[in-house]
1. Just one of (1) in contact with a Leu (Cβ under 7 Å, 6 or more places away or on another chain); (2) closer than 21 Å to Leu42 by Cβ trips up Pro179, so point out which.
2. Against the definition (at pLDDT below 95 and of a type outside the set (Val, Ile, Thr)), how does Ala113 come out, yes or no?
3. Identify, from the list Asp17, Asp76, Asp35, the residue that is modelled with pLDDT of 95 or more and under 30 Å from Val126 (Cβ atoms).
4. Tell me which residues, restricted to segment 89-110, are open to solvent by 30 Å² or more (accessible area, probe 1.4 Å), more than 11 Å from Val204 (Cα to Cα) and modelled with pLDDT of 95 or more.
5. Within segment 179-212, track down each residue that is at pLDDT below 85 and either closer than 19 Å to Gly57 by Cβ or loosely packed, with under 11 Cβ neighbours inside 10 Å (or both).
6. Let me spell it out: the conditions are (1) within 21 Å of the chain's Cα centre (by Cα); (2) surrounded by 13 or more Cβ atoms within 10 Å (Cβ to Cβ); (3) closer than 26 Å to Asp76 by Cβ, and Leu176 meets all of them except one. Which number is the exception?
7. Given the structure, is Ala93 more than 30 Å from Ala149 (Cβ to Cβ), part of a helix (DSSP H, G or I) and of a type outside the set (S, T, N, Q)?
8. Could you go through segment 62-69 and let me know if any residue there is at positive phi, open to solvent by 40 Å² or more (accessible area, probe 1.4 Å) and in a loop (DSSP other than H, G, I, E, B).
Amino acid sequence: MIAHEIAHGYAALRQGDPTAFQLGRLTWNPVRHIDPFMTILLPAMLWIGSGGKVVLGGAKPVPVNPRNYRHYKRGDIIVSLAGVATNFVVAIACAVLIVVFGVAGKALAAATATFGILQVMMVYGVYLNLALIAFNLIPIPPLDGSHVAKYLLPVRWSWRYQQLGRYGIVVLIILLWFPAVLNAWMAPADYVTQHLLSAVDRFVLPSATQWFAP
């Protein structure tokens, strides 16, 4: 999530808006990206209220000022998609590291268990980053997908559509209670995940399979 938010801020900076940079949000320090409600309270309340079945949370959104973009529409789309593009790069990097750790684990027998644990971490990295892409592209304001969807609507409809942002969290929470709908939306991410992991499956160490079967 931190990489996702930094990508938004960096893309905004490249498009002419220094807001995130000036506020010190282009940092890997996780503390700067913690939001008391989104990162702590909301996940905790949903977890407790659902008996551990539902959880939703996020990092503190990076502040941007679209009025500073050199080209408003293009800048808005680029900044909005920068986060999910970064998640895709991270997912691919995790898949590559599964191969690297697999080769290293076979070459260094004494460290096989350690490299197996690292592979498990990378497998989860693939799953989580591709899931974040699908979730953030849900066209519900203020998620990233809505910043693209709004340009596909007539101006009057687009304005009303953006007003849904004030109820976005509520709509997302309701959506979580309809797993069939959410699973259908997430299906492409699951498909890509399975094929990406299948491509590197032969490099997975035996010590990794005891923790997680990709």
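The values are calculated or read from the model by the stated rules, or taken from the named source; none is laboratory data. Quick caveat, the model's predicted, so the values are computed rather than measured. Counting neighbours? That spans all protein chains shown, and the Cβs are built from the backbone with ideal geometry, glycine included. Quick note on the areas: whole protein, heavy atoms, side chains included, nothing else; ligands and nucleic acids left out. Shrake-Rupley method; radii C 1.70, N 1.55, O 1.52, S 1.80 Å.
1. Checking Pro179 against (1) in contact with a Leu (Cβ under 7 Å, 6 or more places away or on another chain); (2) closer than 21 Å to Leu42 by Cβ, the one that fails is (1).
2. In short, yes.
3. On the way: Asp17 fails: under 30 Å from Val126 (Cβ atoms); Asp35 fails: modelled with pLDDT of 95 or more.
Every option except Asp76 fails the conditions.
4. Let us first name the residues in segment 89-110 that are open to solvent by 30 Å² or more (accessible area, probe 1.4 Å), namely 89-90, 92-93, 96-97, 99-101, 103, 106-110.
If we keep only those that are more than 11 Å from Val204 (Cα to Cα) too, we end up with 89-90, 92-93, 96, 107-110.
Selection gives Val89, Val90, Ile92, Ala93, Val96.
5. Pro179
6. Exception for Leu176: condition (3).
7. no
8. No, the conditions are met nowhere in segment 62-69.
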